[in-house]
Amino acid sequence: MYRENLEVVSKSELVKRLEESLDFMTLGGTSYRIETARLSLEIVMNLGDFNILNSRKNVKMFVQATIPNIDEERCEDISENIFHHYRDLYLKKNLADDIQAELRRRKKKREVTLSYMMSN
């Protein structure tokens, strides 16, 4: 399922991904989502130990420690946003080629089905 030599996600890769997410949100996201994306980026830029990103629970604890007065819903959203982007980058780097090809095939099939449904 995974490649033999696992690659790590660098801080610069994750920061770039979160910057892209923030840019996307500023084009039409709600103020809540824009703020969530901004805080996610800010937290990752100040993150020292990337090992905590391997667990949703650890990411959430780090967010709570970084922003102590944050409400539970915002904490969950920021934690999920960071974990989601990290995990996506990690899987894209480390899934075996045949599994990645199968995922691309399924995505393309969904896109074709969706475009067909939208045209009718």
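The values are calculated or read from the model by the stated rules, or taken from the named source; none is laboratory data. In this text, all values refer to a predicted model and were calculated from it rather than measured experimentally. Counting neighbours? That spans all protein chains shown, and the Cβs are built from the backbone with ideal geometry, glycine included.
Identify the single condition in (1) of a type outside the set (Ser, Thr, Tyr); (2) part of a helix (DSSP H, G or I); (3) out of contact with any helix residue (DSSP H, G or I) (no Cβ under 6 Å at 6 or more places or on another chain); (4) under 23 Å from Lys93 (Cα atoms) that Met61 does not satisfy, given that it satisfies every other one.
Checking Met61 against (1) of a type outside the set (Ser, Thr, Tyr); (2) part of a helix (DSSP H, G or I); (3) out of contact with any helix residue (DSSP H, G or I) (no Cβ under 6 Å at 6 or more places or on another chain); (4) under 23 Å from Lys93 (Cα atoms), the one that fails is (4).
Taking the range 36-53, which residues are free of Cβ contacts under 8 Å to residues at least 12 places away in the same chain and part of a helix (DSSP H, G or I)? Give the derivation first.
From the range 36-53, those free of Cβ contacts under 8 Å to residues at least 12 places away in the same chain are 42, 48-49, 51-52; that's our starting set.
If the condition is that a residue be free of Cβ contacts under 8 Å to residues at least 12 places away in the same chain and part of a helix (DSSP H, G or I), then Glu42, Asn51, Ile52 are the ones that fit.
Of the residues Ile82, Ile70, which is in a helix (DSSP H, G or I) and among the aliphatic types (A, V, I, L, M)? Talk me through it step by step, then tell me what you get.
Values: Ile70 fails: in a helix (DSSP H, G or I).
Step by step, each of Ile82, Ile70 is checked, and only Ile82 is in a helix (DSSP H, G or I) and among the aliphatic types (A, V, I, L, M).
So if I check each of Asp71, Asp88, Asp77, Asp23, which one is over 15 Å from the mean Cα position of the chain (by Cα) and not hydroxyl-bearing (Ser, Thr, Tyr)?
Of Asp71, Asp88, Asp77, Asp23, the one residue that is over 15 Å from the mean Cα position of the chain (by Cα) and not hydroxyl-bearing (Ser, Thr, Tyr) is Asp71.
If I go through the range 4-24 residue by residue, how many of them are aliphatic (A, V, I, L, M), at pLDDT 95 or above and either out of contact with any Phe, Trp or Tyr (no Cβ under 9 Å at 6 or more places or on another chain) or more than 21 Å from Cys75 (Cα to Cα) (or both)?
3
Scan the range 89-120 for residues that are touching a residue at least 24 places away in the same chain (Cβ under 8 Å), assigned to a helix (DSSP H, G or I) and closer than 30 Å to Phe62 by Cα and jot them down.
Leu89, Tyr90, Lys93, Asn94
For His84, only one of the following conditions fails: (1) surrounded by 10 or more Cβ atoms within 10 Å (Cβ to Cβ); (2) within 20 Å of Ser10 (Cα to Cα); (3) touching a residue at least 12 places away in the same chain (Cβ under 8 Å). What is its number?
Every condition holds for His84 apart from (3).
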